[in-house]
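The values are calculated or read from the model by the stated rules, or taken from the named source; none is laboratory data. Not measured: the values here are computed from a predicted model. All Cβ positions, even for glycine, are placed from backbone atoms using ideal geometry, and neighbour counts span all protein chains on display. Surface areas here come from the heavy atoms of the whole protein model, side chains and all, with no ligands, DNA or RNA. Shrake-Rupley method; radii C 1.70, N 1.55, O 1.52, S 1.80 Å.
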Amino acid sequence: EIANMALPAAVGRRVCTNFFKSFLFGSNVFKSSPACAANGRLYSTSSDNVLVSKDEKTGIATVRMNNPPVNSLNGSLLVKLRTCFEELDKDTNCRAVILTSEKPNVFCAGLDIMELYKKSPDHVAEFWEKLQDMWLQLYGSRLVTVAAINGHAPAGGCLLSLACDYRIMAEGNFRIGLNETQLNLVAPFWLRQTMINTIGYRQAEMALVIGALFPSDKALLLGLVDKLAPMEEIQTVAEEETKKWLQIPDQARVITKMSSRKPLLDELKRRKQEDITTFRDATTRESVQKSIEHYLANLKAKK
């Protein structure tokens with residue numbers, strides 16, 4: 001079994017399997033659970049790969065990705081995440097969301113590469129629009145959004161983290177970054193801009209060009225994440241940090257957040273079809289498909 005190339009995804013002494021399936025890079029999804037008692041907490045959950053719990057007292061919801069083995073972002077998960085974020089945004093009793101992984105050691109391994117390999121242009125376009133819609137909902141949320149990055153977060157995992165207001169990453173041998181170029185792909189303009197906004201132009205340019213994946217301590221120094229915490233404490237630390245943010249009056253916080261994010265949100269909405277076309281045409285090129293095929297073959301050979 002092997003881990004992602006350039007990404008040693010060790011789980012303790014075991015190595016994450018099936019990493020080759022991911023990039024290097026109803027109206028209400030909730031159903032009430034009977035476990036809704038202690039300490040004023042009400043737990044709700046979806047049926048499969050997005051698990052949601054909400055503390056009715058604090059208004060803090062926790063969204064746990066549960067798409068084994070490595071939370072690959074396939075079309076189904078993207079739609080369910082978007083719907084989940086949308087429903088929480090509409091919930092007047094919800095004030096914040098903590099995004100994390102149900103299984104530690106891999107927060108999210110990125111886009112499911114099999115959604116792009118040997119697929120029709122229409123399929124690739126539809127898949128990319130699902131990613132756009134999910135990102136627009138999360139990046140444009142009125143809620144306080146905190147990423148509790150409890151494992152590796154390459155490519156799409158980093159995308160999810162960058163869309164949040166605050167990022168807490170587990171200490172240890174975990175990596176985060178946008179490494180699309182390693183697969184002969186290019187991060188879209190809106191993702192590049194969020195990277196620039198987060199760590200500055202020069203550091204973002206270098207990281208994007210070489211497809212860098214940073215260990216957690218380096219990510220903290222760069223400002224790619226805001227805080228580190230021991231793995232076993234990351235949820236508690238995320239809740240404590242979220243409560244600090246909630247001390248700010250919602251109206252002032254939301255207006256300030258949206259004034260910063262609205263230009264990029266509006267630009268993607270305006271250029272949405274252009275962005276879909278650009279990604280579709282690039283991904284379905286023979287050279288990119290061969291790169292994906294070569295990548296998959298190398299990983300299978302190393303199993």
Checklist entry - Can you tell me which residue in region 168-209 is modelled with the highest pLDDT, limited to those that are of a type in the set (V, I, T) and over 28 Å from V237 (Cβ atoms)? => result V209
Checklist entry - Could you give every pair whose Cβ atoms fall below 6 Å, whose first residue belongs to region 58-84 and is at negative phi and among the polar types (S, T, N, Q), and whose second residue is open to solvent by less than 10 Å² (accessible area, probe 1.4 Å) and assigned to a helix (DSSP H, G or I), counting only separations of at least 6 or pairs across chains? => result N67/L77
Checklist entry - Take the residues of region 261-303 that are touching a helix residue (DSSP H, G or I) at 6+ places or on another chain (Cβ under 8 Å) and assigned to a loop (DSSP other than H, G, I, E, B): which is nearest to D165 (Cα to Cα)? => result R271
Checklist outcome for this item: Subset of region 56-95, residues surrounded by fewer than 18 Cβ atoms within 10 Å (Cβ to Cβ), closer than 17 Å to A238 by Cβ and not polar (S, T, N, Q), comes to K57
Checklist entry - Out of (1) farther than 16 Å from L162 by Cβ; (2) open to solvent by 70 Å² or more (accessible area, probe 1.4 Å), what's the single condition that is false for N197? => result (1)
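Residue-by-condition table, conditions (1) open to solvent by 90 Å² or more (accessible area, probe 1.4 Å); (2) at pLDDT 95 or above; (3) more than 23 Å from Y139 (Cα to Cα):
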site: A229; (1), (2), (3): no, yes, yes
site: I234; (1), (2), (3): no, yes, no
site: A238; (1), (2), (3): no, yes, no
site: A252; (1), (2), (3): no, yes, no
site: D266; (1), (2), (3): no, yes, no
site: T277; (1), (2), (3): no, yes, no
site: I292; (1), (2), (3): no, no, yes
Checklist entry - Under 6 Å by Cβ, and 6 or more places apart or on different chains, what pairs join a residue from region 277-300 that is within 9 Å of N184 (Cβ to Cβ) with one that is modelled with pLDDT of 95 or more and not β-branched (V, I, T)? => result I292/Y117
Item to check | Filter result (among the β-branched types (V, I, T), part of a strand (DSSP E or B) and farther than 13 Å from G157 by Cα) within region 71-100 | outcome: V97, I98
Checklist entry - Which condition breaks for N93 when tested against (1) more than 15 Å from W245 (Cα to Cα); (2) in contact with a strand residue (DSSP E or B) (Cβ under 6 Å, 6 or more places away or on another chain)? => result (2)
Item to check | Criterion violated by V209 - all others in (1) touching a strand residue (DSSP E or B) at 6+ places or on another chain (Cβ under 8 Å); (2) open to solvent by 70 Å² or more (accessible area, probe 1.4 Å); (3) hydrophobic (A, V, I, L, M, F, W, C); (4) under 27 Å from F279 (Cβ atoms) satisfied | outcome: (1)
